[in-house]
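Below: one structure, written as structure tokens.
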Amino acid sequence: MTEKTIVHVMRHGEVHNPKGILYGRLPDYHLSERGRAQAEAVAEWLADRDIVYVVASPLERAQETAAPIAARHNLSVDTDDELIESLNVFQGERVSPGDGALRNPRNWWHLRDPRTPSWGEPYKEIAARMTSALHRARSKAAGHEAVCVSHQLPVETLRRAITHKPLHHFPTRRLCNLASLTSFYFHDDECVGWGYAELAGK
């Protein structure tokens, strides 16, 4: 008999970041008031789902997003280090167009190869660790549903890997808004489909 499992991979909610820096893996970046409301809204939507496992990146914003979902199902939040944000050489700096680090010609060398990318963790490595985390969650929730809370680039890269799309892409074209769910549907250990939802609004 086919074992059907769903793994929802969620991007964390909005982060309090008044200085507008690329916070990456830096500690002490927490959800904003809006981010907490987003997490609660998604928890409400998922309250009646058959969720038996909740896991998150070790970073605070992911743990805080996962907490209300786990609480609705009387679960603890597990931690998977492979769900963490991607490495980026511009971590801790402002990188908005025409602003901060990108205005310094000495940093342009880091932008030489967008296909790897040259400014951070290779897409292939992100895809490999996120795929491993996805299947660990599938195994933990076999026959039921799981929620994994991660970060925008890792979630986008995972979806591209699972759907056999090129891993390199323009950041503005990511299908991964704040607090969104990218859901993967499994028959046994085979992914047979996926879906995307923004349950907390935009």
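For the stretch 99-136, enumerate the residues that are charged (D, E, K, R) and modelled with pLDDT of 70 or more.
Scanning the stretch 99-136 gives R106, R112, D113, R115, E121, K124, E125, R129, R136.
Just give me the residues in the stretch 140-166 being open to solvent by less than 10 Å² (accessible area, probe 1.4 Å) and either within 21 Å of T5 (Cβ to Cβ) or of a type in the set (G, A, S) (or both), in sequence order.
Once the filter is applied, which keeps residues that are open to solvent by less than 10 Å² (accessible area, probe 1.4 Å) and either within 21 Å of T5 (Cβ to Cβ) or of a type in the set (G, A, S) (or both), the stretch 140-166 yields A141, A146, V147, C148, V149, S150, P154, V155, L158.
So that you can scan it fast, the table gives a plain yes or no per residue for (1) part of a loop (DSSP other than H, G, I, E, B); (2) buried (at least 23 other Cβ atoms within 10 Å of the Cβ):
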{"residue": "M1", "(1), (2)": "yes, no"}
{"residue": "N17", "(1), (2)": "yes, no"}
{"residue": "V52", "(1), (2)": "no, no"}
{"residue": "T65", "(1), (2)": "no, yes"}
{"residue": "Q91", "(1), (2)": "yes, no"}
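List pairs: first residue in the stretch 14-31 and touching a residue at least 60 places away in the same chain (Cβ under 8 Å) and within 16 Å of N88 (Cβ to Cβ), second residue assigned to a loop (DSSP other than H, G, I, E, B) and hydroxyl-bearing (S, T, Y) anywhere in the structure, Cβ distance under 7 angstrom, at least six positions apart or on different chains.
Qualifying pairs under 7 Å: G20/S96; Y23/Y29.
Looking at (1) over 13 Å from V9 (Cα atoms); (2) among the basic types (K, R); (3) buried (at least 17 other Cβ atoms within 10 Å of the Cβ), can you tell me which one R173 breaks?
The failed condition is (3).
Just the residues that are open to solvent by 60 Å² or more (accessible area, probe 1.4 Å) and not in a helix (DSSP H, G or I), please, taken from the stretch 20-50.
Once the filter is applied, which keeps residues that are open to solvent by 60 Å² or more (accessible area, probe 1.4 Å) and not in a helix (DSSP H, G or I), the stretch 20-50 yields R25, P27, D28, H30, D48, R49, D50.
The values are calculated or read from the model by the stated rules, or taken from the named source; none is laboratory data. Only a predicted model underlies this, so the values are computations on that prediction, with no experimental measurement involved. Reconstructed Cβ throughout: ideal geometry from the backbone, glycine too, with neighbour counts over all protein chains shown. Quick note on the areas: whole protein, heavy atoms, side chains included, nothing else; ligands and nucleic acids left out. Shrake-Rupley method; radii C 1.70, N 1.55, O 1.52, S 1.80 Å.
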